[in-house]
Amino acid sequence: MIDKEAWNKQGFGVCENFIDPAKCDQIRAYCHDMLMKLPADHSSIFSSRHQNQNTSKYFLESGDKIRFFWEEGAFDDEGRMVRPKEQAINKIGHALHDLDPIFDSFSRQEKIAGLVRELVDYSDPHIIQSMYIFKQPYIGGEVLCHQDSSFIDTTPSSLIGVWIALEDATKENGCLWGIPGGHLEPLRSRYHLVDGGAVMTVVDETPWDLSQAVPLEVSKGSVLFFKGHFPHFSYENLSARSRQAYVLHILDGGATYIQDCWLQRSMPTRGFD
Ligand code: FE2
């Protein structure tokens, strides 16, 4: 049972030990196989410190595809990958949940569907995006404080994130941190399309009070969920362990998608059926 009062007040919550750890191991192994089967020429660098690199066609057209984004430190000056693929990958996005049958059933398993039904009262919740995040040992980069609604949202605002820990997430390996109650503050920026490219536009310059942030350490199989306006971030992973997570973003299928959000799809979104 979700503590609805805390969910609305804090903007986030956690279901400890929610997904069977064996299922987490299976999806990790499946993802590893997927990487091993990739042709050698896949490369597009993802870093939240260099948003301008995200204006590449490869990124901008990934909303309804399965695409692979790599760590900046994984390439030499000539663009050759200098790490094994499984240690160079930053994330896979953004339509695993629609295009891959294994991720489709993992994303739409009854436990997740039931959790979403408890969290929101949308008559038709849709999965708009999925991301498999690796947070690699030693090179997994910092993700600056942000609100997910800056990237994807509807009118009225309806986005929520469901973050499934596929490995233990601790302060050592770069767990999420968040500011309880920060979702009640205005949206700070919007990552949106302008003239065919994506730009980050600041809409409110108030800095986040990071002294209020708390670490959201969770064990493998636990699920964090947060509202689209909940400010969160993670530090670099300087440990020897990865911190893999699978994230779903869900919105109200009956609400109006904000047309200039960076994420564009030609394929319709689907709910949990
Ligand atoms: Fe986020």
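Coordinate-derived values only; no laboratory data. Worth saying up front: this structure is predicted, and the values here are computed from it rather than measured. Every residue, glycine among them, receives a Cβ derived from its backbone with ideal geometry; neighbour counts consider all protein chains shown.
Ranked by how many other Cβ atoms sit within 10 Å of their own Cβ, fewest first, the residues Leu224, Leu99 fall in the order Leu99, Leu224. Placing +1 on the Cβ of each Lys and Arg and -1 on the Cβ of each Asp and Glu in the chain, which of Trp70, Gln87, His249 has its Cα farthest towards the positive end of the resulting dipole? Positive-end residue among those listed: Gln87. Classification of the range 105-205 by its C-alpha gyration tensor yields an oblate form. The axis ratio a/c (a ≥ b ≥ c) is 1.5 or more, and b/c is at least a/b. Scaling against 2.2 N^0.38 Å puts the C-alpha radius of gyration of the chain at 0.94.
Estimated from helical segments only, the mean residue ellipticity of the chain at 222 nm is -5000 deg cm²/dmol, where each DSSP H run of four or more residues counts as -39500 (n - 2.57).
What whole-number distance in Å separates the alpha-carbon centres of the range 99-150 and the range 256-273? Taking the Cα centre of the range 256-273 as reference, the centre of the range 99-150 is 14 Å away. Of the residues Glu205, Glu185, the one with the fewest other Cβ atoms within 10 Å heads the list, and the complete ranking is Glu205, Glu185. Using the Cα gyration tensor of the range 178-273, with a ≥ b ≥ c the square roots of its eigenvalues, what is the shape: rounded (a/c below 1.5), prolate (a/b larger than b/c) or oblate (neither)? Oblate, since a/c reaches 1.5 and b/c is not below a/b. Net charge dipole, the chain: roughly 320 debye, given to the nearest 20, about the Cα centre with Cβ charges of +1 for Lys and Arg and -1 for Asp and Glu.
At full extension, Tyr138 and Lys9 could sit 42.9 nm farther apart than now, given 0.36 nm per residue minus the alpha carbon distance.
Exposure proxy ranking for Glu16, Glu217, Glu61, based on other Cβ atoms within 10 angstrom of each Cβ and starting from the fewest, stands as Glu16, Glu61, Glu217.
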